[in-house]
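Some notes on the structure that comes next.
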């Protein structure tokens, strides 16, 4: 018994002291670096969630520096501890669509006719996230809209190099569209969507398919706080929400570099626009410009950046020019493509650095005659949708997003 007690005390010292240190660091980092906007309805819960995230990322970075494993591998491992059960009223099958892992959710009860089909691409900067982590969201949509939901498990970077994520998502989508009858889905009611980088994938794929004659037309696109451009990181939302959890302005450029397999030392230059040649800036400023953001979204402060301050660096451009290509920046698609896009659900969050990407795309869609169902959450922050169904770590806003998505899908 004494030996067992000694072992337990030793184990507690090995695990407890590092955990306490991590927690102390996370609390310090959160209180000193992050800003919770006035009026946010759950500040303590957001700080708590942010501290847990900081602990996970810090532990991952320490292990990476020690040469044990990559930081993203640690984050994925910890995320896998959440393993929700599929709703018993649903069938959930893990399949391969043209070699791409997917999970197909559909109600067990027979349907009078073909159902709607919804292909969903999860967020996570292209490096984290999984089918399992989004199970609650996808299950709710399938159950409450009587739809077939296909959640795509595209390969994550950096092991699966950019732009393979887009290639795999496109393969899965094309396979689904060609085989909808096998899943009792109506080919005229296919919805494509996702959140964050997953919404970026969905946006670009819908653009690529507008002129495909060999496939059914996408019936609707559903975009939850999408990331849509890599040119201007000084838009009002980037300035106002630069230190709001869960996505700091600095993190956007840092993880963009990782996603593109570039050196993270380029992150600050990207934030300052050193990767953008003058001719590119002039070409796209008609679509990406703080002046295009409605005034009501500037009341928390915004200082327009003088383009003359930006010092173009050719070497940075050569390294990061993929940021300005249509694959990464679908906001730059021509009007001839935008006008052919399907009806759109677009959700933005006030306390999200990516808010203005969504607002700018909303304007482009509406200017080109595309019907847009826009939902803006005054208490929303980036990545909140994934908190749906996560017990204490969930937020009322996450429930609002889930209900809003269900309502839109039902209406189609």
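What follows is calculated from the coordinates using simple rules that are stated; it is not laboratory data. All of these numbers come straight from a predicted model, not from anything done at the bench. Cβ coordinates were reconstructed from backbone atoms using ideal geometry, including for glycine residues, and neighbour counts include every protein chain displayed.
Could you pull the Rg and Dmax for region 275-412, using just the Cα atoms, both in Å?
17.4, 49
What's the exposure ranking of 151, 404, going from fewest to most Cβ atoms within 10 Å?
404, 151
Give or take rounding to whole Å, what are the principal axis extents of the alpha carbon atoms in region 141-180, in descending order?
36, 22, 9
Counting pairs of alpha carbon atoms under 8 Å apart in space and at least six apart in sequence, what relative contact order in percent does the chain give?
15 percent
Output the relative contact order of region 286-401, whole-number percent, from Cα pairs under 8 angstrom with separation of 6+ residues.
22 percent
Rounded to the nearest 500 deg cm²/dmol, what is the calculated helix-only ellipticity per residue at 222 nm for the chain, with -39500 (n - 2.57) per DSSP H run of length n ≥ 4?
Computed ellipticity for the chain at 222 nm equals -13000 deg cm²/dmol.
For region 82-412, state what percent of all Cα-Cα pairs lands in each successive 20 Å bin, counting from 0 Å until the bin that includes the largest distance.
Going from the shortest bin to the longest, the percentages are 33, 58, 8, 0.
Go ahead and set up a Gaussian network model of the chain, Cα springs under 10 Å, then flag whichever of 110, 396, 330 fluctuates most.
Checking each option, the largest mean-square fluctuation is seen for 110.
Below 8 Å, C-alpha to C-alpha, sequence gap of six or more: please give me the relative contact order for region 25-127 in percent.
14 percent.
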